[in-house]
Structures are given as C-alpha cells and as structure tokens.
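Presented below is the structure to which this report refers.
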Amino acid sequence: MTYRDGHRLDRHTHPWAQLVYAASGVMSVSTPDAAWLVPPTRAIWVPGGTPHQIDMRGVVAMRTLYLAPAGDDPRLQACRAIEVAPLLRELILHIVRLGMLDAADPAHARLEEVLVDLLAQGETAPLVLPLPEDPRARRFAERLLEEPSSPVPLSELAAGAGASFRTLQRLFVAETGLTLEAWRGRVRMQQAVVSLSAGESVTRAALDAGYSGASAFIAAFKRTFGTTPARYRPAA
C-alpha cells in the first residue's frame, strides 16, 4: 500500500506477527511502551497481539509481511527495530510480489526459513524510544516527537504539560529509564537517521535534529551509534 502524508493507521492488533517496512518514505510506529521512526533502512518487528499505531511522514510505500507465530526464538518475542540489509530488503520485496507463501510448496518453505533466520539474526537498531505511562509525561513526549528540532529549552516546553518541570524529570527517569535530556537526545538522533536515510547532507540532518552546526552533531552521533553519520546515507 502507498499512503499519503499524515495518514494514520489507528491503534490495532492482529493475531499474527507483522514486519512493517517502508520501501520509501518514513513511518512512525508506536506501541503502548515505545516508539520508533522507520526510514527505508530499517523495519519494525511487531509480535502478534501487540497493539500498535502507524503514522506516515511524507508519501510512504509500505510493504508488510504477516507471519504465523515464529516458534520460541527469544529474538522474535518482542518489538524491535531491525536494520534492513540489501539481502533482507530484496527478500521482503520478492515475497510481497509472490503474494502469500504456500507452506506446501518446498520453494516457498525455503523462502520462509531464510526470512525468519534473517529477522532473528538482524542487527537491532539502537533507537527505541521507551514511552512514559503517566498521561502528563506522555503528552510531553509526544510534543518532543513532533518537534525534534525545536530550540526551545525543555523547561519552557514543559509549561503546558500539566506538570512541573521537576515532576516531568522524575517521571521520565522512573518510567523510561532516561533523563529528559537523554530522551530528547534520542528523539533527535532518530530524526537525524531519517534525514540521512532520505539522502540529506550531514549539515541538513544536523539542523533537522536541532543542532546549530555539524561538528557537535557528528560528535553526538558517534557517541550514540559508534559510527559516523555517513553510514546512514544511501550509497551513491
């Protein structure tokens, strides 16, 4: 399916697991516990029975695979962001073209086995954003997600959240394990990966992520990912 900018798939659930992948465009995927931004370099694995919502940022060519329960592999029991290497990308698109795999067809059975192995072994992208449960903190988190490049200090943004800045600081640490500053930093890094995946320059990605210049952005990016921003730009 191809979706327009701003389209939302409201929170829902289904019994089979789902692999959510954008062949082009960017999606925001959220569960009751966490949120991810999904550029074409990654996919989100959503186990069966997990409530989730998907929001489109720009025009999105979404490619989805539904899988029956994938055994007891612990790597497939929880939501996770998976880096989509070229082999996995081509396998996803190939299976989508086939439609539905037939378990009685030996060729289809082999495709399924390779797919599940690649998903289970896939590198997990370190950008999950744990979401607070408290309604005041959740509203504040959603505002930060909507405005990753905002230069407004956190103490000023907290003015309309329905709780004091100090209360929000306490709630974020208690419910997400991250300080407000660290949580906002992770939001900005998510936005940076999205911009880089779309082919934006490092300078443009820095601005999109709320940095005034490239030097501080590159240093923060390397601290977060252990690599330079260039790794996340598409190959020429």
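Things to note:
- Segment 210-236, residues that are closer than 15 Å to P39 by Cα and modelled with pLDDT of 85 or more: P229
- Residue ID - surrounded by the most Cβ atoms within 10 Å (Cβ to Cβ), chosen from residues in segment 181-206 that are among the aliphatic types (A, V, I, L, M) and under 19 Å from L154 (Cβ atoms): A192
- Among the residues making up segment 178-236, those that are part of a helix (DSSP H, G or I) and of a type in the set (S, T, Y) are S195, S197, T203, S215, T224, Y232.
- Given (1) closer than 30 Å to L207 by Cα; (2) part of a helix (DSSP H, G or I); (3) at pLDDT 90 or above; (4) of a type outside the set (D, E), number of the condition L145 does not satisfy: (3)
- Every pair of residues 6+ apart whose Cβ atoms lie under 7 Å, when the first sits in segment 161-180 and is in the same structural domain as R143 (by TED's automatic domain parsing) and exposed (fewer than 15 other Cβ atoms within 10 Å of the Cβ) while the second is aromatic (F, W, Y) and assigned to a helix (DSSP H, G or I): T179/F172
- Breaking point among (1) part of a loop (DSSP other than H, G, I, E, B); (2) farther than 23 Å from A161 by Cα; (3) modelled with pLDDT of 90 or more, for P132: (2)
- For segment 59-110, a tally of residues being over 22 Å from A35 (Cβ atoms) and of a type in the set (K, R) returns 3.
- Selection from segment 120-129 of residues that are in a helix (DSSP H, G or I) and surrounded by 15 or more Cβ atoms within 10 Å (Cβ to Cβ): A120
The values are calculated or read from the model by the stated rules, or taken from the named source; none is laboratory data. As the structure is a computational prediction, the values presented were derived from the model and not from experiment. A quick note on method: Cβ atoms are made from the backbone with ideal geometry, for glycine too, and the neighbour counts reach across all protein chains shown.
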